[in-house]
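A short write-up of the structure that comes next.
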Amino acid sequence: MLTGPGEISVQERDKPTIQTPRDAVIKVAAACVCGSDLWPYRGIEPIDGPTPMGHEYVGVVEEIGSEVTTVKPGDFVVGSFMASDNTCEICQAGYQSRCAHVEYVGAGGAQAEYLRVPLADGTLVATPGQPADDLIPSLLAASDVLGTGWFGAVAADAGPGKTIAVVGDGAVGLSAILAARELGAERIIAMSRHESRQKLALEFGATDIVDVRGDEGVKAIKELTDGYGAHGVVEAVGTQESMMQAIRSTRPGGYVGYVGVSHDVELPGEELFFSGVHLHGGPAPVRRFLPDLIERIWNREINPGVVFDLQVDLDEAAEAYRAMDERRAVKALLRV
């Protein structure tokens with residue numbers, strides 16, 4: 001529970017219950033702290049009183065509503081941070097995070113022992129069986145950071161023969177590097193100034209490291225691409241500087257996939273007009289990618305869970321927030 005800037009407490013709350021026939025209640029196996037959780041933690045986003053936290057989760061279905069048909073009690077499930085019916089026209093086009101009936105799962109606070117998931121049929125995906133313990137971090141990554149990084153790479157048009165740059169070396173940016181590799185990108189440029197994150201970027205598939213940002217970072221990308229700029233750039237931060245760095249690092253006709261939650265970002269119209277780049281992004285439709293990501297993880301083809309470089313018990317959630325806020329951890333996993 002976030003009670004004020006920099007103040008995280010673990011409190012007893014009522015166990016969630018089925019409220020509609022399309023709900024499910026899951027017993028959470030693991031949750032985590034997201035970079036976007038740090039905005040209210042730092043006081044940048046205001047909160048209206050004590051606020052349950054967390055929107056990334058995996059766990060076991062405990063109870064389902066009378067209309068739920070795709071998951072059953074006992075299933076181990078991965079869910080998106082946005083609940084979707086997965087049947088409306090928007091969902092069918094692959095944008096479940098903007099479902100016509102979308103609900104924010106994190107409103108109930110996934111950093112908890114139990115979580116109510118609305119629109120369970122369209123939100124939860126069951127794994128083939130009960131996962132081995134070492135797969136849980138990777139499955140948890142799929143619920144947000146991996147799915148978000150994957151969407152960023154798709155929006156940046158990552159594929160064979162392409163050069164993809166990634167602005168941001170947090171868990172989403174690192175996941176975007178992994179995604180670009182899996183999608184076949186020929187060259188992947190990680191923009192990072194932190195040695196530990198650079199090592200993970202290289203492990204995930206980065207071919208080049210650029211350790212400067214802003215105009216210097218743009219210049220470095222241009223130098224690596226014969227003056228053209230990258231075919232696609234993933235923007236995984238959400239600031240004015242990172243967005244402009246992404247746009248300016250992209251060649252005319254290229255693609256910017258922006259998945260960093262934007263804060264006070266304003267785009268200069270004339271520069272955008274003459275840049276000739278495609279801009280696409282927003283809250284990732286994680287549900288679109290979940291079946292594929294779960295299969296890759298289950299078959300041990302990818303191991304995105306290594307982004308969790310800190311694991312603590314739920315009652316140590318305050319330390320998880322501090323570690324991420326102080327950049328002592330890339331991403332903190334909470335064992336429930």
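Observations
- Looking across segment 213-230, the residues that are in a loop (DSSP other than H, G, I, E, B) and either over 19 Å from Tyr255 (Cβ atoms) or free of Cβ contacts under 8 Å to residues at least 24 places away in the same chain (or both) come down to Arg213, Asp226, Gly227, Tyr228.
- When Asp157, Asp75 are screened for being within 19 Å of the chain's Cα centre (by Cα), at pLDDT 95 or above and among the acidic types (Asp, Glu), only Asp157 passes.
- Of residues in segment 307-321 being outside any loop (DSSP other than H, G, I, E, B) and not aliphatic (A, V, I, L, M), the one least open to solvent (accessible area, probe 1.4 Å): Tyr321
- Residue count, segment 9-47 (criterion: more than 29 Å from Gly173 (Cβ to Cβ), assigned to a loop (DSSP other than H, G, I, E, B), among the aliphatic types (A, V, I, L, M) and modelled with pLDDT of 95 or more): 1
- Residue within segment 254-274 that is modelled with pLDDT under 95 and under 16 Å from Met191 (Cβ atoms) present: yes
- In the set Val261, Val233, Val265, only one residue is within 30 Å of Glu326 (Cβ to Cβ), crowded, with 22+ Cβ neighbours inside 10 Å and of a type outside the set (Ser, Thr, Tyr); that residue is Val233.
- Selection status of Thr3, in a loop (DSSP other than H, G, I, E, B) and surrounded by fewer than 19 Cβ atoms within 10 Å (Cβ to Cβ): no
- Considering only residues in segment 109-158 that are assigned to a helix (DSSP H, G or I) and acidic (Asp, Glu), the one that is surrounded by the most Cβ atoms within 10 Å (Cβ to Cβ) turns out to be Asp121.
- Residues of segment 292-306 include none that is closer than 27 Å to Met82 by Cβ, at pLDDT below 95 and either surrounded by 17 or more Cβ atoms within 10 Å (Cβ to Cβ) or of a type outside the set (Gly, Ala, Ser) (or both).
- Among the conditions (1) free of Cβ contacts under 8 Å to residues at least 12 places away in the same chain; (2) outside any helix (DSSP H, G or I), Val265 misses just one, which is (1).
- Flag for Thr239 being open to solvent by less than 50 Å² (accessible area, probe 1.4 Å), within 15 Å of His280 (Cβ to Cβ) and polar (S, T, N, Q): no
- A count restricted to segment 193-230 and to residues that are open to solvent by less than 70 Å² (accessible area, probe 1.4 Å) and acidic (Asp, Glu) stands at 1.
- Cβ-Cβ contacts under 7 Å between residues 6 or more apart (or on different chains), taken from a first residue in segment 231-243 that is more than 20 Å from Cys34 (Cα to Cα) to a second residue that is assigned to a helix (DSSP H, G or I), are listed as Val233/Ala246; Glu241/Gly214.
- Segment 170-192, residues that are without any contact (Cβ under 8 Å) to a residue 60 or more places away in the chain and either in contact with a Lys or Arg (Cβ under 7 Å, 6 or more places away or on another chain) or open to solvent by less than 10 Å² (accessible area, probe 1.4 Å) (or both): Ile177, Ala179, Ala180, Ala185, Glu186, Ile188, Ile189, Ala190, Met191, Ser192
- Picking from residues in segment 48-70 that are part of a loop (DSSP other than H, G, I, E, B) and open to solvent by less than 50 Å² (accessible area, probe 1.4 Å), the one that is farthest from Leu2 (Cα to Cα) is Val68.
The values are calculated or read from the model by the stated rules, or taken from the named source; none is laboratory data. Just so we're clear, the structure is a prediction, and the values are computed from it rather than from any experiment. As a convention, Cβ positions derive from the backbone with ideal geometry for all residues, glycine included, and neighbour counts pool all protein chains shown. When the accessible area is computed, the model is the full protein with side chains, heavy atoms only, and any ligands, DNA or RNA have been set aside. Shrake-Rupley method; radii C 1.70, N 1.55, O 1.52, S 1.80 Å.
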